[in-house]
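These notes concern the structure reproduced below.
The values are calculated or read from the model by the stated rules, or taken from the named source; none is laboratory data. Quick caveat, the model's predicted, so the values are computed rather than measured. When we count neighbours, we look across all protein chains shown, and the Cβ atoms used for this are built from the backbone with ideal geometry, even at glycine.
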Amino acid sequence: MKRIFIAIKIEPSEELLGAMFVFREQLSEEKINWVPIENLHITLLFIGSVDEIDVQEIKFELHKLKSIEPFSFTIEGLEVFKKRGEPKVLFAKAIQEKMLQSLSLSIRQLLSEHIKGVENIKFSPHLTLGRIKNIKNTDGFENLLYDFRNTYFQKVVCTGFVLYESILTPGGPIYTPLEIFSL
């Protein structure tokens, strides 16, 4: 079995790297698992555990995607996903939702015969920067979110996407590209 997902790999700009340094510096006393630079991506579809035969079928189906042209989007603003009112994921927004939504929907439609319920999965385009365990200084955290709420980080030209395997380890996940698909 392989734990897989489909994503757009993000090569961070100097602006994004600088902002990430600031976030890590200002939140150094907080319990946050920061995403390593090499793991930055925007998930188009998390599939989960599948066997090798299904991986091959998924690859075959994804090669059929030809209707989407390369497009660009921006990464900007800092926000959080909350669970039970507590911040759990620190992320930057991916702006140009129309094209990202279209790509995600096309992938879900292609795979709907192989993965039950995939067409009903909600897609929220974002770039995860850190997974929050606990915030002690909530005022400082809120101020950081406010200061960076509309900050432009970078433009991304999307010319394709990647099918990744995710191997969970005590030191964090290891992402291995299984196949790269061009638009």
Could you list, in sequence order, the residues of region 55-73 that are surrounded by 17 or more Cβ atoms within 10 Å (Cβ to Cβ) and under 16 Å from the mean Cα position of the chain (by Cα)? F73
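Results for (1) in contact (Cβ under 8 Å) with a residue 12 or more places away in the chain; (2) more than 18 Å from E38 (Cβ to Cβ); (3) of a type in the set (S, T, N, Q); (4) assigned to a loop (DSSP other than H, G, I, E, B), shown as yes or no for each residue.
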position: Q109; (1), (2), (3), (4): no, yes, yes, no
position: L145; (1), (2), (3), (4): yes, yes, no, no
position: Q154; (1), (2), (3), (4): yes, no, yes, no
position: E165; (1), (2), (3), (4): yes, no, no, no
Surrounded by 12 or more Cβ atoms within 10 Å (Cβ to Cβ), out of contact with any strand residue (DSSP E or B) (no Cβ under 6 Å at 6 or more places or on another chain) and touching a residue at least 24 places away in the same chain (Cβ under 8 Å): which single residue out of I4, I37 fits that description? I37
Give the residue, chosen from E76, E52, that is closer than 25 Å to K98 by Cβ, of a type in the set (D, E, K, R) and either exposed (fewer than 11 other Cβ atoms within 10 Å of the Cβ) or at pLDDT 95 or above (or both). E76
If we keep only residues of region 41-81 that are assigned to a loop (DSSP other than H, G, I, E, B) and touching a Ser or Thr at 6+ places or on another chain (Cβ under 8 Å), then the residue nearest to F141 (Cα to Cα) is P70
Could we say that I42 is farther than 22 Å from P173 by Cα and crowded, with 17+ Cβ neighbours inside 10 Å here? no
Checking the structure you have, find out if any residue of region 143-159 is over 30 Å from V22 (Cβ atoms), modelled with pLDDT of 95 or more and not polar (S, T, N, Q). no
Over region 130-142, the set of residues part of a helix (DSSP H, G or I) and either without any contact (Cβ under 8 Å) to a residue 12 or more places away in the chain or over 12 Å from F23 (Cβ atoms) (or both) is T138, D139, E142
Within the bounds of region 59-66, is there any residue that is among the hydrophobic types (A, V, I, L, M, F, W, C) and free of Cβ contacts under 8 Å to residues at least 60 places away in the same chain? yes
Pick from region 10-40 the residues that are in a helix (DSSP H, G or I), closer than 24 Å to C158 by Cα and not acidic (D, E): which of them is farthest from the chain's Cα centre (by Cα)? G18
Quick test of your reading of the structure: E179 fulfils all but one of (1) surrounded by 14 or more Cβ atoms within 10 Å (Cβ to Cβ); (2) of a type in the set (D, E); (3) assigned to a loop (DSSP other than H, G, I, E, B). Name the failing condition by number. (3)
Just wondering, is there one or more residues in region 87-100 that are under 22 Å from T138 (Cα atoms) and of a type in the set (V, I, T)? yes
